[in-house]
Each structure stands twice: as structure tokens, then as C-alpha cells.
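Colleague: Okay, handing you the structure first.
Here, each number is a calculation from the coordinates, and none is a lab measurement. Please read these numbers as outputs of a predicted model, since none were measured by experiment. Quick reminder, even Gly has a Cβ in these numbers, built from the backbone with ideal geometry, and neighbours come from all protein chains shown.
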Amino acid sequence: MTTAASVTTAAGADVEREAPRIVTRSGPGKLLADTWAVFTREILLTLRDPFTLIFSLLQPLIFLGLFGPLLTGAFGGGLGAPGAGGASTGDTLQWFVPGVIVMICLFGTSMTGSNLLYEVMTGSYERVLATPLGRSSILVGRALKEFAPLLVQGVIIALVCVPFGFTLYPLPALLGLVLLGVFGVGVGALSHALALASKNREWLFWGVQQSLLFPLLILSGMMLPLEAGPAWMQTASRFNPLTYMVDGERLLFAGRLDDPKVAWCAVAAVATCLVGIVVGIRATKKVV
Amino acid sequence: MPTEMIRARGLVRTFRRRKEVVEAVKGIDVDVAEGELVAFLGPNGAGKSTTLRMLTSLLAPTAGTAEVAGYDVVTHPEQVRARIGFIGQGNGGGFSYKVRDELHNQGRFYGLAPDVYRSRAATLIEALELGGLEKRSVQSLSGGQRRRLDVALGLMNHPPLLFLDEPTTGLDPHSRANLWEHIAAMRERYGMTIVLTTHYLDEADSMAERVVVIDHGEIVADAPPDLLKHEHADDVLTVGVASTDEDGVVAALRPDVVGGGEVDVTRRDGELRVVVRTAHGAERLPGVLEALRAAGLTVTSASGKQASLDDVFLNLTGRSLREEAAA
């Protein structure tokens, strides 16, 4: 319902003006509504262009198809996969699939800032900031947009691997994906902060993102087991939050909820998320 | 009696550039009443956009206070943003999105119900001549069309107060005029208070009811454009006289004839060139010509130039805004 108010301008004209649409929400309701508003805007382009999603799905499947047999041949049954007594494809997949799902989460959410860079340059990010949206909702909404397609990809990859001997434990795997989502929001928010810090210097964003991504990936034991690596790598991996995510995800995708590593995985996810949001909000306030 | 939409006191903003502290805004006090159209005028780097960004809560002041639409910009930024429209220097619409999508997204950002934002978007599409472009991507629009979309985005929440930061920069003269027509029409229709920044003198002169001249982070003048020109600059009358009698010209142009203005007489091409600097030049010109004729002098030519806001800026700062903009 629109109401009208009579306004006298400085020039002396009486103008019938529609009352402003002022919607003031607060608390969790506002956080959710704002996050949803940001998420639906961001995901729109992905939904309009499903080919991007299909091609990005092919990449990890090809990776899995080519890398999996190599791992089976190279390490035999020494991957620590539950029940691994030989070098079966199923054992390898059980070890490798959770790692690939974490990898696509890391790659995808760390790209959050790349889309932002473009919007900062053109001016639409500033327009979004001038609305009453909460800053944390802008960060979380954008990161969730990157995570949502990855969630679909993760589920499809897991299902595709089942006929090849991969055992899916739905509920623990679902918990694993939720924790990955929390972790992804944190990585996305950090990527957002990096994009703001790199404003007008796109090369800086890509330089830092690429320089951090691969050491984190390798030092997490995501692609290759670290047990065979030198001691310094094993020590360094203990300081990498991604290590705890990978360890926990492997256990959850193997149906194990009772291992303390699952709790450490949850701690790493929540800590990354909190640090990301705090750093992201600070970057937003500083740069704008 | 109009109420106050903006009340800012002692606004300061400093930036740290490497090891140097730059004071972009140095203690600005400004009030804007409901319904006013106020232009912040100044050269690039004067501090006008920084001031605007503080008033829109996009940038926290280093010191000072500002209340916008009844709320403090530091303690209640979201309340401020719910009550304002903001059109920045860049293009507000995401380039990959369609025009209608962005208007609907904007409505959702303000928490509007779907039926409300759809209806509002349809009204603005029609009012801002964006009909037929709804399904076009923002990047496929012309510069003028994108700017009209920016205005539509800024009005989605029925803001009582609209901020425009350099709204016509980069547009060709036709698109500039067209955009201003639309902004004026929207103001007429919705009775908004408008605060804008510009370095275009003609825009500030013709559109604004009040001009706040900002230079080096400080307000150097604040008044309606005509009053500024009256107080800080003179009209210039140039008259050619077929004579060499300088004293006769000076005697004819008594202070009451030139309104207390300044008279310069120089010889050029065998005649005298008389330059009179005075307020209300157009009203004075007939009296000046009559006084010269009454003194038996023959007038060969006469022209007048009204004082401009550039003259005001030149007199206040010693620099030409037009030349700085061209540099």
C-alpha cells in the first residue's frame, strides 16, 4: 500500500510524493533475507549459463579418471583408505574422491574475488554497498554462489564413482558437504577481501591467489599422501587448515563420525569462516 | 517549513598514502533542507566526492558528525542507506545482468515485496524511457541508457533523498541534457531532495538551487548560484567609444551610473575601449550608454558578459575551474 505525503520543495512547489519504501529488519531474519537476496542475484548468471557448470563438472571428472588409476598403480594399497588391503579402484576412489571435492571447493570459492574485481571496476559493487544490505550478507551471499554449483558437482562426482567401487555414506557425506560449505564461505570471504585489497591491480589478486592455492593444496595431502613426504612437509601440513578439512572429509565420506579428526575438521571450517568474515568486513569498510 | 535532510558538522576525512597523511576533507559544516537541490562544485580532488561518500555512509568520517534523513551515518548506517538513493560515478548495473533483473535485484536489496518491486520497476522503466530494453544486458546499453538505468536503480526504494556523484561525467552533451531532463522530471514527480557533485559549471548554474563550492577539502562559498555571482563576481560590459578623451569617459561613468563598479579605459585602434565590471550588468548597460552619449561621446560597439560560476571560483580561489577541468 502506497501512501502519499505533501512536500514543499525549496523552490516553493508543493509536490505529492509517494512515501519512501522503508523496510527495516534486524537480527537473524535480516541476515538470512539479505544473504538470500545477494545469493539469488549472483546465482542468476550461473543458472542462465548452465554450459559453464557442465564444463566445470567435466574437469574434475577427467581429473579423477586420469589421476585415480595413476594413484592406484603408484601406491598400491598404501593410501590409508578404510579397508584398503590391496590396490583396488574402490579403495583409491574412497581416498581420492573426498580430496577432489575439497579441491573443487577450494578452487571455486577462492575465485569469489575475481567476479568482484570486475564489479568494483565498473561501479556496480558500490551501488550494492549503498543499499541497506548487511556487509556480512554480501560476503556470505557471494561465497555461497560459488559454493552452490560445487555442491552439485560434488554430489554428481560421488554418484558417478559409486559404480566403480566408491561407497557412499549419505548422512556423514552430507555433514562433510555442510562443513565444506562453512569452510567455503570463509575462503570466499578471504578471496573477497583480497579482491578489495587488489583494487585496480588485477594481477595482484591472481598472483596471490595462485601463489597460495597450490602450496595449500599440496601441503594438505589432498592429491598425494604426505606420509611418503619429507618430515618438514608433514610438519608444515599441520599448520594448514586445509589438512584438517581433507582428513575430516575423508573420514566422513568413509562413514566415520567417531574419529577426533572429524571434530578438528569442524573447528578448521568454523575458524576459516569466522576469520574470513571478519577480514572481509574489515576490508569492505577500509576500501569503500 | 522544510525540515532538515542533512546536518553535518566538522566532517573530516584523512587518508594514509604510504607514509603521508592526506586530509581530503577538512571540517565541513553543511545543512540541506527537504526539497532542496544542492550541487557540490569543485575541481577534481577538492573533496566533494569524499564528502558525499561520508554522507551516504559509504565512508566513515575521521572526525565530525553527520545526520542524514534523521539518522547518524556512523551509528545507524543501514537506516541511512534505507532512506537514500545513491548514483555513483561508475555504472550501477552489473554488466552481465539484464536491465529488469537488476531493477528487481535492487528492490530485493531494499527488502521490498515482489509485487512492489515489480510494479516500481515497471513505472521507472516507463518514466526513464527504458522500455524495450528490459531484456537487454547492461553492457549492451549506450552510455546515456546506462545512466538512466542508474537513476532508476537509485529510485527503486522511493528515496526522499537522492545523491548523485558526477552523474553526467563522460556523457556527450545530448545525453547530458537528456539525463538532466529525466532527473528534473523525477524530482518533479517524487519531490526528492537532491545532492549532487559536479565539476560542470553550467550544470551547477542551471540545475542547482544552491551551490556549495568546495576547494582543498573546505567549503569556500555556499549560496544560490545567482547570489554567489552577485557577491563574488561581476558582469563585464565592454563599450567601444570613438574618442581619445579618456578623462571625459571616466567623468561620464560616475559611480552611480556603474553601480559602484570598476571602470577601465584603454586605447585601441584609435578609439577607446571601456570595460565596466559591475553587478547586474544587463540592467546597467542602458544607463552606461546613455551617460556616454550625454557626454557627447559616440559609442561604436557594446557587449556584455554575465558573471559565471567560474568567475566566482576564480575570485574565491585564484584559480579557474574551467581551466583545471580542461587540464
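Colleague: Could you put A:SER198, B:SER119 in order, starting from the residue whose Cβ has the fewest other Cβ atoms within 10 Å? Walk me through the intermediate numbers first.
Modeller: Working: A:SER198 21, B:SER119 14.
Least crowded to most crowded, the residues run B:SER119, A:SER198.
Colleague: Taking N as the number of residues in the protein assembly as shown, what is its alpha-carbon radius of gyration divided by 2.2 N^0.38 Å?
Modeller: Working: Rg = 32.7 Å, N = 615, 2.2 N^0.38 = 25.2 Å.
Against the empirical 2.2 N^0.38 Å value, I get 1.29 for the protein assembly as shown.
Colleague: What translational D, rounded to a whole number of µm²/s, comes out for the range B:168-327 from Stokes-Einstein when the hydrodynamic radius is the Kirkwood one over Cα pairs, at 25 °C and 0.890 mPa s? Walk me through the numbers before you get to the answer.
Modeller: Numbers: Rh = 18.1 Å.
In µm²/s, the coefficient is 136.
Colleague: Can you compute the modelled spin-label distance between B:ALA63 and B:ARG273, with each label point 7 Å from Cα toward Cβ, in nm?
Modeller: Each label point is offset 7 Å from its Cα along the Cβ direction, giving 5.0 nm.
Colleague: Determine which lysines satisfy two conditions relative to B:LYS26: a Cα distance under 18 Å, and not lying fewer than 8 residues away in the same chain.
Modeller: List returned: B:LYS48.
Colleague: Enumerate the lysines that A:LYS199 could reach by cross-link, defined here as Cα to Cα under 17 Å, with residues fewer than 8 away along the same chain left out.
Modeller: Once the sequence-local lysines are set aside, what remains near A:LYS199 is A:LYS285, A:LYS286.
Colleague: At B:SER119 and B:THR244, where each label point lies 7 Å from the Cα along Cα→Cβ, what is the point-to-point distance in nanometres?
Modeller: 8.2 nm
Colleague: Neighbour counts of other C-beta atoms within 10 Å: give me A:MET245, A:MET222 arranged from fewest to most. Can you show the working numbers first?
Modeller: Values: A:MET245 30, A:MET222 24.
In increasing order of surrounding Cβ atoms, one gets A:MET222, A:MET245.
Colleague: Would you mind calculating the gained length between A:LEU224 and A:ARG282 on full extension (0.36 nm times residue separation, minus the Cα-Cα distance), in nm to one decimal? Numbers along the way, then the final one.
Modeller: On the way: separation 58, 0.36 × 58 = 20.88 nm, distance 3.59 nm.
Taking 0.36 nm per residue and subtracting the Cα distance, the gain is 17.3 nm.
Colleague: On to the next question. What percentage of all Cα-Cα pairs in chain A are separated by more than 36 Å? Intermediate values should be presented prior to the final figure.
Modeller: Numbers: 10390 of 41328 pairs.
Taking all Cα-Cα pairs of chain A, the fraction more than 36 Å apart is 25 percent.
Colleague: What is the gain in length, in nm to one decimal, between B:ASP226 and B:SER303 on full extension, counting 0.36 nm per residue of separation less the C-alpha to C-alpha distance?
Modeller: Values: separation 77, 0.36 × 77 = 27.72 nm, distance 2.04 nm.
Gain in length upon complete extension: 25.7 nm.
Colleague: Hey, could you pull the Cα Rg and Dmax for the range B:104-175, both in Å?
Modeller: 12.6, 38
Colleague: Okay, moving on. I'm checking a number: the convex hull volume of the Cα atoms of the range A:145-288, normalised per residue, in Å³. What is it? Can you show the working numbers first?
Modeller: Working: hull volume 18.3 nm³, N = 144.
Expressed per residue, the convex hull around the Cα atoms of the range A:145-288 is 127 Å³.
Colleague: So what is the relative contact order of chain A, in percent, for Cα pairs below 8 Å that sit 6 or more residues apart?
Modeller: Working: 368 pairs, mean separation 60.7, N = 288.
Dividing the mean separation by the residue count of chain A yields 21 percent.
Colleague: With a Förster radius of 45 Å, plug the Cβ-Cβ distance of B:HIS76 and B:HIS280 into 1/(1 + (r/R0)^6) and report the FRET value to the nearest 0.05. It would help to have the intermediate numbers written out before the result.
Modeller: Numbers: r = 47 Å, r/R0 = 1.03.
So, using R0 = 45 Å, E works out to roughly 0.45.
Colleague: Helix B:173-190: angle to the longest alpha-carbon principal axis of chain B, degrees 0 to 90, nearest 10?
Modeller: Tilt of helix B:173-190: around 70 degrees.
Colleague: Dividing the convex hull volume of the Cα atoms of chain B by its residue count, what figure in Å³ per residue is obtained? Please report the intermediate quantities before stating the final value.
Modeller: On the way: hull volume 58.7 nm³, N = 327.
Residue-normalised Cα hull volume stands at 180 Å³.
Colleague: While we're looking at this one, here's another question. Over all pairs of distinct alpha carbons, what does the Kirkwood formula give as the hydrodynamic radius of the range B:234-306, in Å?
Modeller: Numbers: mean 1/r = 0.0854 Å⁻¹.
After inverting the pairwise mean of 1/r, the radius is 11.7 Å.
Colleague: Counting other C-beta atoms within 10 Å, which of A:TYR125, A:TYR244 has the fewest, and how do the rest follow? Walk me through the numbers before you get to the answer.
Modeller: Working: A:TYR125 27, A:TYR244 24.
Fewest to most other Cβ atoms nearby, the residues stand as A:TYR244, A:TYR125.
Colleague: Which FRET efficiency, nearest 0.05, do A:ASP49 and A:VAL178 yield, Cβ-Cβ r, R0 30 Å? Don't skip to the end; give the middle numbers.
Modeller: Working: r = 27 Å, r/R0 = 0.89.
Result of the calculation: an efficiency of 0.65.
Colleague: Using a cut-off of 21 Å between alpha-carbon atoms, which lysines can reach B:LYS135, once sequence neighbours fewer than 8 places away in the same chain are excluded?
Modeller: B:LYS98
Colleague: Under a plain spin-label model, where a point goes 7 Å from the Cα along Cα-to-Cβ, how far apart in nm are B:ASP264 and B:SER137?
Modeller: So the label points at B:ASP264 and B:SER137 sit 5.7 nm apart.
Colleague: Which residues does the label zone of A:MET121 cover in the range B:104-145, counting backbone N under 15 Å from a point 7 Å along Cα→Cβ?
Modeller: Of the residues in the range B:104-145, B:139 have backbone N under 15 Å from the label point off A:MET121.
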